[in-house]
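The values are calculated or read from the model by the stated rules, or taken from the named source; none is laboratory data. Computed from a predicted model, the values in this text were never measured in an experiment. Cβ placement follows ideal geometry from the backbone for every residue including glycine, while neighbour counts extend to all protein chains displayed.
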């Protein structure tokens, strides 16, 4: 098992408690924790993390402060704050069962990614978690753009197959992981993967 994944599973409550102290936006704590995990998990594929638990806390802190900097420089931050207040007052918040299912999906996704071949996993995480363009990934990994495309496509197909074997519909999982990668879902529905150019 990944050292980061193990540390996250052991320290999730403490990480969320720490995040609550850092932000006034308590409704985003779960999103911040997931984003911290995914960024840490991606970093682990690039180098060895000597202190996984400490690293997770540091990344979690950076996620919150990065979001605060973004909101400070963006007019939309004020609009987002109003939406967060509506969410906190909303009676339709996820039940403990839904939260637990989301946690299980994140664990399954992490396991699926961890089982990818090393180069495939690196390209996949650089694209899906870090949001880098194919050319940037190719430069960073020292391979061709077409090879990056093949690695990302192979990663999508293998992760989707693994998750289907576990009984999850890909559209469900895309919605569950979307909060961690705000720009786009980490996974596409299975029928789109076959025809995707990524």
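At-a-glance table
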quantity	calculated
When residues of the stretch 120-156 are limited to those that are surrounded by fewer than 15 Cβ atoms within 10 Å (Cβ to Cβ) and under 19 Å from the mean Cα position of the chain (by Cα), the one farthest from residue 5 (Cα to Cα)	133
Residue that is modelled with pLDDT under 90, under 24 Å from residue 36 (Cα atoms) and out of contact with any strand residue (DSSP E or B) (no Cβ under 7 Å at 6 or more places or on another chain), where the choices are 167, 131	131
Residue pairs meeting the criteria (Cβ under 8 Å; at least 6 apart or on separate chains; first outside the structural domain of residue 159 (by TED's automatic domain parsing), in the stretch 109-129; second in a helix (DSSP H, G or I) and buried (at least 19 other Cβ atoms within 10 Å of the Cβ))	none
Only one of 185, 189 that is at pLDDT below 85 and crowded, with 16+ Cβ neighbours inside 10 Å	185
Scope the stretch 19-48; condition surrounded by 18 or more Cβ atoms within 10 Å (Cβ to Cβ), within 16 Å of residue 62 (Cα to Cα) and touching a helix residue (DSSP H, G or I) at 6+ places or on another chain (Cβ under 6 Å); matching residues	19, 25, 29, 32, 33, 35, 36, 37, 39, 40, 41, 42
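Here's the yes/no breakdown for (1) at pLDDT below 90; (2) closer than 21 Å to residue 124 by Cβ; (3) assigned to a helix (DSSP H, G or I):
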residue	(1), (2), (3)
1	yes, yes, no
15	no, no, yes
30	yes, no, yes
42	yes, yes, yes
50	no, no, no
61	no, no, yes
67	yes, no, yes
88	yes, no, yes
93	yes, no, no
